[in-house]
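Engineer: Pasting a structure below so you can have a look.
The values are calculated or read from the model by the stated rules, or taken from the named source; none is laboratory data. Remember, predicted model here, so these are calculated numbers, not experimental data. Because the Cβ atoms are built from the backbone with ideal geometry, glycine has one as well, and the counts that use them run over all protein chains shown.
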Amino acid sequence: MLAASLLPGTPFLPQRPRPEDPARTAAIAALHRRAGSVSPGTPEAERIADELARIGSEELEEGETGRATELLSEAYALDEENGLILARLTLAYVRGGDFESARFYLKMAEERISRAPPEIYGLLGEIYYALNRLEDALLAWGEFARFGGQDPRILRRLVRARDELALTRGQRSLQLEHFSLFADPSVSDETLRRAGEELERAYGAQSAAFGIELPGSQVVVLYAGRAFFSLVAVPEWVSGLFDGKIRVSVEPGECAESPLAGVLAHELAHAMIRQSSHDRAPAWLHEGLAQWWEGKRLPRREIRSALGSHAAASLESLDAAFRGVLDRSSAQASYAQALSLVEYVMAVRGAGALACLLARLRDGADFPEALEAETGWTDARLVAEWRRWAGVP
């Protein structure tokens, strides 16, 4: 049976959209003007490529994967022999969930590794890890350390990846149209098969509703028991999480009546929301929509009792709650409020309003702007109207 859980999964926390930086915008425009008068591969083109790649890498670390991919693509076009730029571009595709493009550029990056600085090993390790190639990730991060790399984040990832690999020896895989599934040896063939069927079924419904396709094969890992979840300090009552991969804890002997399908649909929704909004949707909207797609519903008569004294006064405070450390009762209330807000928007404005809101985020609007354009509400008015509807004082 699936590991018991009060909540369907840990929150997937997107980067907060960053306001436009006038100085950075001006610097990019100046680089574009310089690039217009040079030929690719020349020393001047290489200098411009380095600057574009530097800015693109900053955008990537700030969560702006779309901008980062554009800038790194421009840099690569100016200096195609630069393995480090190519690795950064590959990582941008990974962070954006476009694993198909990532695999394409990864092959070229691997060919140029001997002509790149040691930093490339750190980047390749992260790419391999996202593609669930744990042994390759370990080798790459090991080379990073061997060449004197000192970035503590990468060294911590090396240690964790070693522990994770020890837990996943003997995993088998199943390749489907939209998913690459990996399962521990003691996860039954029947469970693996059923997980694939449920994922493809959920994908069809969610893809149609969000109006998008995931750009590549989504990695899904089924773990026997909670060893991995304990490794990454996931609360005992959580049975699924999304960190770029869909990860689900399955107990040996899991029965057909288990909530596996709901947990998989919940975590898939996180992937869909991230893709649909370019990773710019707030955490509360992620969790509200993911619960809705899982199949959870919260009747109006039960909202007050579900929230107790934990109702957040604003969308900002609700979002902050998901970013903090939640005890079980606070977490239950935050998830309930997020679901109820999503249900209210759907009841009054229709499910299409949320899909359009996500599309506006993808196109660069900030959340208050997108919300008002699609619903006519400000953040504060949405909360006030929802409180009246839900009977929350």
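Engineer: Among the numbered conditions (1) out of contact with any Asp or Glu (no Cβ under 8 Å at 6 or more places or on another chain); (2) surrounded by fewer than 19 Cβ atoms within 10 Å (Cβ to Cβ); (3) over 16 Å from Ala313 (Cβ atoms), tell me where Arg349 comes up short.
Structural biologist: For Arg349, the failing item is (1).
Residues checked against (1) within 27 Å of Ser276 (Cβ to Cβ); (2) within 18 Å of the chain's Cα centre (by Cα); (3) in a helix (DSSP H, G or I):
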site	(1), (2), (3)
Ile85	no, no, yes
Leu139	no, no, yes
Val159	no, no, yes
Asp163	no, no, yes
Arg169	no, no, no
Glu177	yes, no, no
Ser180	yes, yes, no
Ser186	no, no, no
Thr191	no, no, yes
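Engineer: Kindly indicate which of Ser258, Ser239, Ser217, Ser230 is surrounded by 24 or more Cβ atoms within 10 Å (Cβ to Cβ), at pLDDT below 95 and not acidic (Asp, Glu).
Structural biologist: Of Ser258, Ser239, Ser217, Ser230, the one residue that is surrounded by 24 or more Cβ atoms within 10 Å (Cβ to Cβ), at pLDDT below 95 and not acidic (Asp, Glu) is Ser239.
Engineer: Scan Ser114, Ser73 and give me the residue that is surrounded by fewer than 23 Cβ atoms within 10 Å (Cβ to Cβ), closer than 22 Å to Asp151 by Cα and either modelled with pLDDT under 90 or not basic (Lys, Arg) (or both).
Structural biologist: Values: Ser73 fails: closer than 22 Å to Asp151 by Cα.
One residue alone meets the criteria, Ser114.
Engineer: Go through segment 279-393 and tell me which helices (runs of 4 or more DSSP H), entirely inside it, have 3 or more residues that are hydrophobic (A, V, I, L, M, F, W, C) and touching a residue at least 60 places away in the same chain (Cβ under 8 Å).
Structural biologist: Correct list: 283-294, 351-362, 379-390.
Engineer: Another question, then. Can you pull out the residues in segment 161-183 that are over 13 Å from Lys245 (Cβ atoms) and acidic (Asp, Glu)?
Structural biologist: If the condition is that a residue be over 13 Å from Lys245 (Cβ atoms) and acidic (Asp, Glu), then Asp163, Glu177 are the ones that fit.
Engineer: A further question follows. In segment 13-70, which residues are surrounded by 15 or more Cβ atoms within 10 Å (Cβ to Cβ), at pLDDT 90 or above and of a type in the set (Val, Ile, Thr)?
Structural biologist: Ile28, Val38, Ile48, Ile55, Thr69
Engineer: Counting just the residues of segment 142-157 that are buried (at least 17 other Cβ atoms within 10 Å of the Cβ) and within 22 Å of the chain's Cα centre (by Cα), which one comes out farthest from Leu181 (Cα to Cα)?
Structural biologist: Among them, the one singled out is Ile154.
Engineer: For segment 90-104, which positions are in a helix (DSSP H, G or I), in contact (Cβ under 8 Å) with a residue 24 or more places away in the chain and either crowded, with 22+ Cβ neighbours inside 10 Å or not small (Gly, Ala, Ser) (or both)? Before you say what the answer is, go through the steps one by one.
Structural biologist: Step one: filter segment 90-104 for residues in a helix (DSSP H, G or I), giving 90-95, 99-104.
Keeping just the survivors that are in contact (Cβ under 8 Å) with a residue 24 or more places away in the chain gives 90-95, 99-103.
Scanning segment 90-104 gives Thr90, Leu91, Ala92, Tyr93, Val94, Arg95, Phe99, Glu100, Ala102, Arg103.
Engineer: Please verify whether segment 147-155 includes one or more residues that are part of a helix (DSSP H, G or I) and of a type in the set (D, E, K, R). Let's see the steps before the verdict.
Structural biologist: Residues of segment 147-155 part of a helix (DSSP H, G or I): 152-155.
This time we only want the ones that are of a type in the set (D, E, K, R), so: 153.
Yes, some residue in segment 147-155 is part of a helix (DSSP H, G or I) and of a type in the set (D, E, K, R).
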